[in-house]
Amino acid sequence: MKSSRLLAWIAIAIGALYFIVPLIGTFEFSLRMRRGEYSFDAYQSVFSDLQFRATFGYSMLMGFLTIIFGMLLVVPTAYWVRLRLPQLRPVVEFLTLLPLVIPAIVIVFGYLRLYNSSSWLPLTNSTNGTNLLLMFSYMTLSLPYMYRAVDTAMRAIDVATLTEAAESLGAKWPTIMFRCIFPNVMSGVLSGAFITFAIVMGEFTMAALLNRPAFGPYLQLVGANKAYEPSALAIIAFAITWLSIGLLQLVSRFQKTAPAKA
Amino acid sequence: MSFLTLSNIQKSFGPVQVVKDFDMAIEKGEFVSFLGPSGCGKTTVLRMIAGFETPTGGTITVAGRDQTSLKPNQRNIGMVFQAYALFPNMNVAENVAFGLKVAGKPKAEIDARVKEMLGLIHLGHLAERYPYQMSGGQQQRVALARALAPKPQVLLLDEPLSALDAKIRVSLREEIRQIQQQLGITTVFVTHDQEEALSISDRIVVMNAGRADQIGTPAEIYNRPSTRFVANFVGTLNLIDAKVIDPGENRIAIGDQGVTLREPVAPAKAGDTISLALRPEAGSIAPDAKGETALTGEVVSSNFLGSVIRTRMKVGESVISFDMFNSPGLVPPAVGETVTLRFTAGDLLIIRD
Ligand SMILES: Nc1ncnc2c1ncn2[C@@H]1O[C@H](COP(=O)(O)OP(=O)(O)O)[C@@H](O)[C@H]1O
Ligand SMILES: [Mg+2]
């Protein structure tokens with residue numbers, strides 16, 4: 001009893017060291033831009049870089065759009081599969097897992113083949129078309145996480161009976177979807193959204209090959225050409241991640257519904 | 001014309017026919033229970049009335065209008081589910097208001113109706129609570145209020161009490177019946193619990209393998225079961241095999257004891273075996289009883305059930321149970337003792353399958 005608890009603490013300590021030591025090291029290094037003393041010069045340099053602002057803003061926007069459209073795609077799909085096509089569940093689960101199995105580079109080459117300027121749907125002809133294609137790529141990448149998170153949240157409520165209850169009270173499907181289903185799977189949508197955001201902020205392959213000014217390619221560029229700024233960027237990225245987690249916690253705490261039962 | 005009619009309803013899932021030739025006419029304001037064992041098709045019939053399933057044959061009308069092809073959200077039928085099915089993201093008041101909001105009622109009217117409904121179920125003080133903050137019994141009352149709020153034409157309840165514990169089950173069923181009578185709403189109540197059905201219904205439909213075996217008032221169903229299935233399922237009737245001795249005189253024999261029945265034995269012929277039903281509370285012990293309306297046998301068990309003592313005795317090949325009211329002076333018959341049970345000729349009913 002006592003010794004197993006001690007072992008648990010040792011395991012936690014080792015795990016913590018594994019995460020924290022590199023972080024401290026990176027942070028320490030990022031402060032060393034000025035010779036002989038610690039300073040935030042590297043951060044200043046990053047924040048004053050116009051390209052940082054542009055790419056960061058672009059990826060944030062793409063992140064939000066991906067989340068919104070991903071949600072609109074995944075929630076009704078998961079709902080429909082649970083309600084009407086339960087025999088298709090294994091198929092849909094398999095499909096949503098494919099982006100984990102197929103490398104991003106393969107997916108993006110597939111897209112480029114399908115949607116290039118001489119194809120039947122030349123999305124890459126215009127900037128907005130390419131942006132759209134990039135957003136769809138991000139949706140594909142986030143699908144495994146988004147679908148699973150939403151599907152798990154749906155398991156906690158009895159989707160079929162809630163739907164029938166709403167129908168017998170006269171509701172039509174938009175009402176059922178947005179007033180009875182969405183609010184009850186919000187916890188799943190939020191955790192899916194958080195992961196999606198993290199993926200989009202760091203994604204390199206798709207953005208680079210579609211030649212869009214996203215944050216991932218920028219990180220790569222800076223990392224290849226500068227010394228201290230990459231460390232500062234890494235710390236900034238961590239801060240954003242933690243902020244997202246904090247916000248997620250806050251939101252789920254203020255949600256007025258029951259804690260979802262697994 | 002009846003308010004809610006089901007005419008020749010059929011329902012198959014693939015090759016399996018689960019509802020067969022179901023006919024039923026329910027009057028306005030009537031409380032009808034569908035009673036039957038699990039899997040006999042009660043829920044399926046209810047879901048066809050609600051519109052969640054489409055009959056493979058037959059028609060359903062409400063107030064003279066054919067509903068068979070209407071969608072559930074066009075039928076104006078209130079539904080209460082076994083698992084409550086309250087919307088977890090809405091509090092009590094919002095749940096009750098849902099149907100009214102969907103119907104686009106003005107806010108003042110909604111507020112007034114919600115208040116009225118919460119008063120009806122005595123939960124006005126919990127309007128702000130969320131479903132997960134309430135007991136099962138409270139949630140089911142909210143579900144009832146939610147179903148009733150839009151003033152449905154018909155109220156359907158599918159085993160609404162099955163998930164609750166015994167005490168609440170009894171008090172809530174009385175509350176449901178009282179609210180139903182107060183509002184005069186036509187109600188169909190599904191249950192597999194015969195006591196529940198007997199205690200609150202105007203009429204009961206006993207269902208067996210997708211068919212209505214018998215339709216009648218609780219007293220009719222209990223006192224005069226028309227099939228062996230109904231006799232077995234409702235109450236604790238004794239089913240006794242008897243041999244016909246003389247059809248002309250309605251003479252039969254149970255074991256080697258002769259009895260004369262009141263109802264005609266025909267078309268059974270001498271030597272045929274027929275089934276008789278005897279309610280446990282019909283007879284009483286009479287040591288000196290002789291003759292045509294008494295049976296003598298050996299006691300095989302005697303159980304104290306609180307208000308009654310249930311004794312089982314062996315007569316020929318049959319075991320017959322009978323109840324005696326408990327009283328302080330009563331000495332229950334001992335196992336192995338020979339007792340004589342007296343009843344009237346009309347208590348022995350012939351069951352034809
Ligand atoms: N959607 C369905 N698909 C196939 N079979 C079903 C379906 N719904 C019900 N059944 C079958 O129909 C029969 C009657 O079910 P049900 O009406 O739920 O019975 P009850 O409510 O009396 O317990 C059962 O044998 C059940 O398995
Ligand atoms: Mg059922």
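In square angstrom, what is the accessible area per residue of the stretch A:133-204 with a 1.4 angstrom probe?
Working: 2340 Å² over 72 residues.
Here the residues of the stretch A:133-204 average 33 Å² of exposed surface.
Of A:Asp151, B:Asp241, B:Asp347, B:Asp256, which has the most accessible area with a 1.4 Å probe, and how do the rest follow in descending order? Intermediate results must be reported in sequence, preceding the final value.
On the way: A:Asp151 5, B:Asp241 90, B:Asp347 30, B:Asp256 140 Å².
So, going from the largest accessible area down, we get B:Asp256, B:Asp241, B:Asp347, A:Asp151.
Can you give me the angle between helix A:2-30 and the longest principal axis of chain A, using Cα atoms only, in degrees from 0 to 90, rounded to the nearest 10?
Between the helix axis and the principal axis of chain A, the angle is about 60 degrees.
List the residues whose amide H sits under 5 Å from the amide H of B:Asn250, counting only those 5 or more places along or on another chain, with H placed 1.01 Å from N in the peptide plane.
Amide H neighbours of B:Asn250: B:Val265.
Of the beta bridges DSSP finds with both residues in the protein assembly as shown, what % are antiparallel, to the nearest 5? Could you put the intermediate results ahead of the total?
Values: 56 of 74 bridges.
Just about 75 percent of them are antiparallel.
Rank B:Leu261, B:Ile285, A:Val91 by how far each Cα sits towards the positive end of the charge dipole of the protein assembly as shown (+1 on Lys, Arg Cβ; -1 on Asp, Glu Cβ) and give me just the farthest.
A:Val91
Once amide H atoms are built 1.01 Å from N in the peptide plane, which residues 5 or more positions from B:Phe34, or in another chain, come under 5 Å H to H?
When sequence neighbours closer than 5 places are left aside, the close amide H contacts are B:Phe189, B:Val190, B:Thr191, B:Val205.
Computed FRET efficiency, Cβ-Cβ of B:Thr227 and B:Phe325, R0 30 Å: what is it to the nearest 0.05?
Values: r = 30 Å, r/R0 = 0.99.
Calculated transfer efficiency: 0.50.
What is the stretch A:107-262 by shape, rounded, prolate or oblate, if you read a ≥ b ≥ c off the alpha carbon gyration tensor as root eigenvalues and call it rounded for a/c under 1.5, prolate for a/b larger than b/c, and oblate otherwise?
Values: a/c = 3.43, a/b = 1.48, b/c = 2.32.
Because a/c hits 1.5 or more and a/b fails to exceed b/c, the stretch A:107-262 counts as oblate.
So if we plug the beta-carbon distance of A:Ala13 and A:Leu72 into 1/(1 + (r/R0)^6) with R0 = 45 Å, what FRET efficiency do we get, rounded to 0.05? It would help to have the intermediate numbers written out before the result.
Details: r = 44 Å, r/R0 = 0.98.
Given R0 = 45 Å and the Cβ-Cβ separation, E is 0.55.
Specify the residue with the greatest mean-square fluctuation among A:Thr196, A:Thr77, A:Thr140, computed from a Gaussian network of chain A linking alpha-carbon atoms under 10 Å apart.
Taking springs between Cα atoms under 10 Å, the residue moving most is A:Thr77.
Most fluctuating residue of A:Ala13, A:Ala166, A:Ala149 in a GNM of chain A with Cα springs under 10 Å: which is it?
Answer for the Gaussian network model of chain A: A:Ala13.
222 nm [θ] for chain B, helices only, -39500 (n - 2.57) per DSSP H run of 4+, per residue, to 500?
Working: 8 runs with 84 residues, N = 353.
Helix contribution divided over all residues of chain B: -7000 deg cm²/dmol.
Please go through the stretch B:224-262 and write out the trypsin sites (Lys or Arg not before Pro) that DSSP classes as loop and that have at most 14 other C-beta atoms within 10 Å. Numbers along the way, then the final one.
Details: sites: B:Arg228, B:Lys243, B:Arg251, B:Arg262; in loops: B:Arg262.
The qualifying sites are B:Arg262.
Would you work out which of A:Leu73, A:Met62, B:Gly316 lies farthest towards the positive end of the dipole of the protein assembly as shown, given +1 charges on the beta-carbon of Lys and Arg and -1 on that of Asp and Glu, about the Cα centre?
My answer, from the dipole projection, is A:Met62.
Solvent-accessible area of B:Phe13, probe 1.4 Å, all protein chains present, reported in Å² to the nearest ten, please.
Looks like 90 Å² after rounding.
Given +1 on the Cβ of Lys and Arg, -1 on the Cβ of Asp and Glu, and no further charges, what dipole in debye does the protein assembly as shown carry about its Cα centre, rounded to the nearest 20?
On the way: 55 positive and 48 negative charges, 416 e Å.
Roughly 2000 debye, rounded to the nearest 20.
With an 8 Å cut-off on Cα pairs and a minimum separation of 6 or more residues, tell me the relative contact order of chain B in percent. Each step should come with its number before you reach the end.
Details: 742 pairs, mean separation 54.2, N = 353.
It rounds to 15 percent for chain B.
Select from A:Asn125, A:Asn211, A:Asn184 the residue whose mean-square fluctuation is largest in a Gaussian network model of chain A (Cα-Cα springs shorter than 10 Å).
Comparing A:Asn125, A:Asn211, A:Asn184 in the GNM, the peak value goes to A:Asn125.
List the GluC sites (Glu not before Pro) within the stretch B:104-164 that fall in a DSSP loop (any state other than H, G, I, E or B) and whose Cβ has at most 11 other Cβ atoms within 10 Å. Intermediate values should be presented prior to the final figure.
Numbers: sites: B:Glu109, B:Glu116, B:Glu128; in loops: B:Glu128.
Filter output for the stretch B:104-164: B:Glu128.
Rounded to the nearest 100 Å², what is the sum over both chains of accessible area buried where A meets B, with a probe of 1.4 Å?
Details: alone 15930 and 16370 Å², together 30310 Å².
Summing both sides, the interface buries roughly 2000 Å².
Over the heavy atoms of B:Arg203, what accessible area does a 1.4 Å probe trace out, to the nearest 10 Å²?
In the full protein context, B:Arg203 sits at about 60 Å².
Taking amide H atoms as placed 1.01 Å from N in the peptide plane, list the residues 5 or more away in sequence, or in a different chain, whose amide H sits under 5 Å from that of B:Asn208.
Counting only residues 5 or more places away or on other chains, the set is B:Asp213.
So what is the relative contact order of the stretch B:236-351, in percent, for Cα pairs below 8 Å that sit 6 or more residues apart?
Numbers: 271 pairs, mean separation 35.4, N = 116.
Once divided by the residue count of the stretch B:236-351, the mean separation gives 30 percent.
Quote the charge dipole size of the stretch B:4-228 about the Cα centre in Debye, to the nearest 20; the model charges only the Cβ of Lys and Arg (+1) and of Asp and Glu (-1).
Working: 25 positive and 22 negative charges, 87 e Å.
In debye, rounded to 20, the stretch B:4-228 gives about 420.
What angle, in degrees between 0 and 90 and rounded to the nearest 10, separates the Cα long axis of helix A:104-115 from the longest principal axis of the Cα atoms of chain A?
60
Can you tell me the 0 to 90 degree angle between the C-alpha axis of helix A:186-202 and the longest principal axis of chain A, rounded to 10?
Its long axis makes an angle of about 40 degrees.
Let me check something: with ligands and nucleic acids excluded, how do A:Val189, A:Val106 order by accessible area (1.4 Å probe), largest to smallest?
Values: A:Val189 5, A:Val106 80 Å².
Greatest to least solvent exposure: A:Val106, A:Val189.
Shape verdict for the stretch A:1-160, please, from the Cα gyration tensor: rounded (a/c under 1.5), prolate (a/b greater than b/c) or oblate. Intermediate results must be reported in sequence, preceding the final value.
Values: a/c = 2.64, a/b = 1.21, b/c = 2.18.
Because a/c hits 1.5 or more and a/b fails to exceed b/c, the stretch A:1-160 counts as oblate.
Net charge around B:Val299, counting only other residues with Cβ within less than 10 Å of its Cβ (Lys, Arg = +1; Asp, Glu = -1)? Kindly include the intermediate steps, with their values, before the conclusion.
Numbers: positive: B:Arg312, B:Lys314; negative: B:Glu298, B:Glu337.
Once positives and negatives cancel, what remains is 0.
Taking the Cα centre of the stretch B:194-329 as origin and charging only Cβ (+1 Lys, Arg; -1 Asp, Glu), how large is the dipole, in debye to the nearest 20? Before the final figure, lay out the partial values.
Working: 13 positive and 17 negative charges, 26 e Å.
Once rounded to the nearest 20, the dipole reads 120 debye.
Where does the protein assembly as shown land on the Kirkwood hydrodynamic radius, alpha-carbon pairs, in angstrom?
Details: mean 1/r = 0.0327 Å⁻¹.
Mean inverse Cα-Cα distance, inverted, gives 30.6 Å.
Pop out the carbon and sulfur fraction of the accessible area of the stretch B:109-226 as a percent, whole number, probe 1.4 Å. Don't skip to the answer; put the middle values down first.
Details: 2300 of 4790 Å².
Of the solvent-accessible surface of the stretch B:109-226, carbon and sulfur hold 48 percent.
So what are the stretch A:151-212's ellipsoid semi-axes, whole angstrom, largest first, if each one is the square root of 5 times an eigenvalue of the alpha-carbon gyration tensor? Show your work: numbers first, answer last.
Numbers: eigenvalues 246, 34, 12 Å².
Whole-Å semi-axes of the equivalent ellipsoid: 35, 13, 8.
May I ask you to compute the full-extension gain from B:Glu263 to B:Ser171, defined as 0.36 nm times their residue separation minus their alpha-carbon distance, rounded to one decimal in nm?
Values: separation 92, 0.36 × 92 = 33.12 nm, distance 3.99 nm.
Additional length available on full extension: 29.1 nm.
Measuring with a 1.4 Å probe in the full set of protein chains, what accessible area per residue, in whole Å², belongs to the stretch A:24-126? Kindly include the intermediate steps, with their values, before the conclusion.
Details: 6540 Å² over 103 residues.
Per-residue value: 63 Å².
Using a 1.4 angstrom probe with every protein chain in place, what is the largest-first accessible-area order of A:Tyr145, A:Tyr115?
Details: A:Tyr145 85, A:Tyr115 45 Å².
Descending accessible area places them as A:Tyr145, A:Tyr115.
What accessible surface, in Å², does a 1.4 Å probe find on B:Leu305, ignoring ligands, DNA and RNA and rounding to the nearest 10?
Near enough 90 Å² of accessible area.
Counting other C-beta atoms within 10 Å, and keeping those with at most 13, which DSSP coil trypsin sites (Lys or Arg not before Pro) do you find in the stretch A:170-242? The partial results should precede the final answer.
Details: sites: A:Lys172, A:Arg179, A:Lys226; in loops: A:Lys172, A:Lys226.
Sites meeting the loop and neighbour criteria: A:Lys172.
The values are calculated or read from the model by the stated rules, or taken from the named source; none is laboratory data. From a predicted model like this one, the values you see are computed outputs, not experimental measurements. Heads up, the Cβs are rebuilt from the backbone with ideal geometry, glycines too, and the neighbour counts pull from every protein chain shown. Side chains included, ligands, DNA and RNA excluded: accessible areas come from the protein's heavy atoms. Shrake-Rupley method; radii C 1.70, N 1.55, O 1.52, S 1.80 Å.
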